[in-house]
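Q: If you scroll down you'll find the structure; I have some questions about it.
The values are calculated or read from the model by the stated rules, or taken from the named source; none is laboratory data. Keep in mind that this is a model prediction, so the values were computed, not measured. No Cβ is skipped: glycine too gets one built from the backbone with ideal geometry, and neighbour counts run over all protein chains shown.
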Amino acid sequence: MARVPLLQLNQISLTFGGDPVFDDLSLVVQPGDRVALVGRNGSGKSTLMKVIAGLVEPDRGEVVPGPGVSVGYMEQDPDLSGFATLGEFAAHGLDPSEMYLVERAGEGLKFDPARPVETASGGERRRAALARLMARSPDLMLLDEPTNHLDIEAIAWLEDELKQSRKGYIIISHDRAFLRALTRATLWVDRGAVRRQEKGFAAFEEWRDAVWDEEDMQRHKLNRKIKAEARWAVEGISARRKRNQGRVRALQDLRAERAAQIKRQGTAAMALEAGPKSGRKVIEVEGISKAFGDKTILRPFSLTVQRGDRIALVGPNGVGKTTLLNMLIGREMPDTGTVRLGTNLELALFDQARAQLDPDMSLWDSLTGDPEMRVSGKADQVMVRGQPKHVVGYLKEFLFDEGQARAPVRSLSGGEKARLLLARIMARPSNLLVLDEPTNDLDVETLDLLQELLGTYDGTVLLVSHDRDFLDRVAATTIAMEGDGRATIYAGGWSDYLSQRQDAAPAPVAQRSKGQTPTDKPKPAPKSGLSFTEKHRLEALPAEMERLEAEIAKLEELLSDPELFTAAPVKFQKATEALVARHEKLSAAEEEWLMLEEKAAS
């Protein structure tokens with residue numbers, strides 16, 4: 001018996017003043033679908049989500065929900081006007097007896113239902129909107145960047161809830177790990193077209209690259225055909241003018257076909273230039289601590305940051321990661337202990353709140369108004385890594401068009417604001433890069449480029465992020481802040497931290513039964529399969545091994561250059577050390593995977 005679809009889109013067309021966002025789009029969402037909705041920033045993902053939710057009316061076509069099907073949409077900027085508290089907003093439309101659902105979601109997502117709306121931050125408002133959607137549990141959930149402003153614990157809670165749900169859902173997210181864990185199909189929005197593949201996000205990048213390779217091949221064949229026909233037109237048309245007008249028209253048609261093709265959006269022309277070398281010791285802290293009133297943020301903590309380190313700070317929201325980061329770079333004083341900064345430091349800061357951007361300034365003024373980017377006597381130029389560039393030309397390198405140059409910063413999307421801030425900090429050399437939640441709102445392609453740049457950056461990186469995949473790709477050391485002022489240093493990225501924390505966890509103390517003496521050893525409980533953490537680790541390891549193999553291949557390709565050792569000995573040494581480290585990590589990951597597979601099988 002055929003299933004009744006949750007929702008159908010029939011020949012949808014939508015235009016906002018220029019090229020169509022979608023044209024003749026048809027789509028079916030089935031019960032239980034778990035779909036990743038992906039595409040470049042500005043490609044129309046959120047617009048498509050709003051069309052599905054019925055919030056945007058298409059120019060042509062229809063949206064047909066299944067009989068009795070409820071659709072819920074979690075938007076990026078929820079409207080809470082008319083509600084006194086976050087809990088009142090989240091519980092709207094629910095029976096009073098169902099308030100416990102909001103409280104449960106509030107606990108998992110870490111928001112206070114009693115918080116007044118007027119004092120709530122943007123992140124708290126988004127978490128309330130997400131709690132509202134989870135409490136209502138509609139037949140089809142539309143989740144637009146649900147992990148933004150969630151810490152890793154809340155992301156894990158949401159991931160587990162969605163895994164257990166039998167509802168259908170469509171997710172827009174920059175969080176690769178989240179999408180890989182949850183999705184079974186992928187919708188790809190690309191230049192007005194929407195493609196579907198019945199595989200989850202884990203297979204997306206391979207599929208995308210295959211589509212683009214085929215597209216490049218077809219474009220190459222078309223160019224060759226046009227070239228051949230154009231040569232014929234020049235050399236042979238005069239003798240056969242009357243008989244071959246059809247062939248001339250065919251050449252015109254080929255040229256029109258090529259002109260009508262929409263070029264792929266390139267990646268931002270981002271570049272990181274390390275300034276003069278800092279001292280070998282970049283930061284040295286001894287016994288620093290911090291408290292705000294009765295709340296202990298950090299107990300006495302010591303750390304030495306060496307030149308070239310990649311250090312990530314992880315932990316729940318509000319635990320003090322940004323406070324520790326600011327103490328490390330001297331922007332905030334500790335209550336006790338000492339902070340010594342190394343010599344010759346050139347700091348570049350990407351702040352979580354994007355506070356360096358004035359929402360009322362234009363993009364043009366945001367660049368030319370920066371004293372470190374200003375070119376004396378040239379109002380239309382900025383200094384980019386020692387070279388003057390036209391403002392519009394530099395903005396185009398970060399995927400802004402000329403029409404946006406005079407637009408206010410407040411008109412930008414979250415991803416565009418992140419790119420503008422990256423344009424500012426990448427314009428000047430640095431040797432200490434501080435990134436506080438850099439991945440929010442960036443699309444997959446821009447994240448890939450940022451990770452690649454960080455991999456070859458000669459300076460030191462301090463990073464705060466809740467993006468597990470990004471942490472695994474970038475961090476070589478992880479500082480875990482888990483509450484009560486404790487900060488513990490682990491080697492490696494997020495997955496390494498999980499593994500080491502699990503290994504270091506003390507065995508649970510069994511409750512003594514009546515008559516048991518203190519010297520009696522409780523019998524170990526029989527093991528039954530994999531723990532939740534082990535299951536998660538087993539699922540994550542194949543992707544991690546694939547990533548390490550790709551990094552090894554890149555490093556081997558770099559080291560195959562016979563001139564590298566002579567031309568750049570420092571780079572050669574770093575690449576050699578990185579290659580050895582990657583091989584060690586790959587070997588350890590393979591052993592761990594085999595062990596977990598054997599344990600699962602037994």
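Q: Of Ala543, Ala588, Ala601, Ala550, which residue is in contact with a Lys or Arg (Cβ under 8 Å, 6 or more places away or on another chain) and more than 22 Å from Lys277 (Cβ to Cβ)?
A: Criteria check complete, one pass: Ala543.
Q: Any chance you could count how many residues in the range 196-210 are under 24 Å from Gln11 (Cα atoms) and exposed (fewer than 14 other Cβ atoms within 10 Å of the Cβ)?
A: Final tally of qualifying residues: 2.
Q: In the range 378-423, which residues are free of Cβ contacts under 8 Å to residues at least 40 places away in the same chain, among the charged types (D, E, K, R) and assigned to a loop (DSSP other than H, G, I, E, B)?
A: Selection gives Asp401 alone.
Q: Filter the range 18-40 down to the residues that are closer than 21 Å to Thr183 by Cα and outside any loop (DSSP other than H, G, I, E, B) and list them by number.
A: Ser26, Leu27, Val28, Val29, Arg34, Val35, Ala36, Leu37, Val38
Q: Which residues, counting only those in the range 288-301, are of a type in the set (S, T, N, Q) and either in contact with a Leu (Cβ under 6 Å, 6 or more places away or on another chain) or free of Cβ contacts under 8 Å to residues at least 24 places away in the same chain (or both)? Please lay out each step first, then the result.
A: Going through the range 288-301, the residues of a type in the set (S, T, N, Q) turn out to be 289, 296.
Ser289 - this is the single residue of the range 288-301 that is of a type in the set (S, T, N, Q) and either in contact with a Leu (Cβ under 6 Å, 6 or more places away or on another chain) or free of Cβ contacts under 8 Å to residues at least 24 places away in the same chain (or both).
Q: Which residue is surrounded by the fewest Cβ atoms within 10 Å (Cβ to Cβ), if the candidates are limited to the range 269-285 and must be more than 30 Å from the chain's Cα centre (by Cα) and within 20 Å of Tyr490 (Cβ to Cβ)?
A: Glu284
Q: Mind listing whichever residues of the range 373-400 are acidic (Asp, Glu) and under 22 Å from Leu449 (Cα atoms)?
A: Result: Glu397, single match.
Q: Would you mind stating whether Gly87 is touching a residue at least 60 places away in the same chain (Cβ under 8 Å), in contact with a Pro (Cβ under 8 Å, 6 or more places away or on another chain) and outside any loop (DSSP other than H, G, I, E, B)?
A: When the stated conditions are applied, Gly87 does not pass them.
Q: For the range 41-65, give me the residue count where each residue is in a loop (DSSP other than H, G, I, E, B), more than 24 Å from the chain's Cα centre (by Cα) and surrounded by fewer than 18 Cβ atoms within 10 Å (Cβ to Cβ).
A: Count: 5.
Q: What tally of residues in the range 475-494 results from selecting those that are modelled with pLDDT under 90 and on the phi < 0 side of the Ramachandran plot? First the steps, then the outcome.
A: Here is the first cut: in the range 475-494, the ones modelled with pLDDT under 90 are 482-484.
Retained after the next criterion (residues that are on the phi < 0 side of the Ramachandran plot): 482.
The qualifying residues number 1.
Q: Further question: Quick one: in the range 67-90, of everything that is within 23 Å of Gly32 (Cα to Cα) and surrounded by fewer than 18 Cβ atoms within 10 Å (Cβ to Cβ), which residue is nearest to the chain's Cα centre (by Cα)?
A: Ser70
Q: Between residues in the range 111-124 that are at negative phi and at pLDDT below 90 and residues that are of a type in the set (D, E, K, R) and surrounded by fewer than 17 Cβ atoms within 10 Å (Cβ to Cβ), which pairs lie under 8 Å by C-beta distance while being six or more apart or on different chains?
A: The qualifying pairs are Pro113/Glu103; Gly122/Asp77; Glu124/Asp112.
Q: Moving to a separate point now. Would you confirm whether or not the range 6-15 contains a residue that is of a type in the set (Val, Ile, Thr), surrounded by fewer than 21 Cβ atoms within 10 Å (Cβ to Cβ) and within 30 Å of Ala131 (Cβ to Cβ)?
A: no
Q: At pLDDT 95 or above and either surrounded by 13 or more Cβ atoms within 10 Å (Cβ to Cβ) or not hydrophobic (A, V, I, L, M, F, W, C) (or both), is that true of Ile288?
A: Details: at pLDDT 95 or above: yes; either surrounded by 13 or more Cβ atoms within 10 Å (Cβ to Cβ) or not hydrophobic (A, V, I, L, M, F, W, C) (or both): yes.
So Ile288 fits the description; yes.
Q: While we're on this one: Please specify each residue of the range 271-294 satisfying the condition of being closer than 27 Å to Arg424 by Cα, in a strand (DSSP E or B) and of a type outside the set (A, V, I, L, M). Give the steps one after another, and end with the answer.
A: Within the range 271-294, the subset closer than 27 Å to Arg424 by Cα is 271-283.
Those still in the list that are in a strand (DSSP E or B) too: 274, 281-283.
Residue satisfying the conditions is Lys281 alone.
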